[in-house]
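**Q** Here it is, the structure in full.
Laboratory data are not the source of any read-out in this text; all were calculated from the coordinates shown. Just so we're clear, the structure is a prediction, and the values are computed from it rather than from any experiment. We place every Cβ from the backbone using ideal geometry, glycine too, and count neighbours over all the protein chains shown.
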Amino acid sequence: MIRFLRSQGFRVVRIKGSHHVLQNPEGKIVVVPVHSGETLGIGVIRKILQQSGVKIEDFLRYFRS
């Protein structure tokens, strides 16, 4: 998820515990939980995409390529 958000112009601005905070040039902020060995649930993915303003189609296209 972090790699995808970076490809969309986000950058990591801080890390607090297991949460990475990313921000894009327009100022949108997204928090991504990073727990090694665990997969993000669909609800968390949808919430992150909603907060970031990225379309789910772009997300799916990124991983299909």
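**Q** Name the single residue, out of those in the range 35-50 being in contact (Cβ under 8 Å) with a residue 12 or more places away in the chain and closer than 18 Å to Tyr62 by Cβ, that is surrounded by the most Cβ atoms within 10 Å (Cβ to Cβ).
**A** Step one: of the range 35-50, the residues in contact (Cβ under 8 Å) with a residue 12 or more places away in the chain are 35, 40, 45, 48.
So of that shortlist, the ones also closer than 18 Å to Tyr62 by Cβ come out as 40, 45, 48.
Working: Leu40: 15, Ile45: 16, Ile48: 21.
That would be Ile48.
**Q** What are the residues in the range 1-39 that are of a type in the set (A, V, I, L, M) and either closer than 20 Å to Ser65 by Cα or in contact with a Phe, Trp or Tyr (Cβ under 6 Å, 6 or more places away or on another chain) (or both), if any? Steps first, please.
**A** Pass one, the range 1-39, residues of a type in the set (A, V, I, L, M): 1-2, 5, 12-13, 15, 21-22, 29-32, 34.
Once the filter is applied, which keeps residues that are of a type in the set (A, V, I, L, M) and either closer than 20 Å to Ser65 by Cα or in contact with a Phe, Trp or Tyr (Cβ under 6 Å, 6 or more places away or on another chain) (or both), the range 1-39 yields Met1, Ile2, Leu5, Leu22.
**Q** Mind listing whichever residues of the range 1-21 are under 20 Å from Phe63 (Cα atoms) and not basic (Lys, Arg)? Let's see the steps before the verdict.
**A** Restricting attention to the range 1-21, the residues satisfying the condition of being under 20 Å from Phe63 (Cα atoms) are 1-11.
Selection gives Met1, Ile2, Phe4, Leu5, Ser7, Gln8, Gly9, Phe10.
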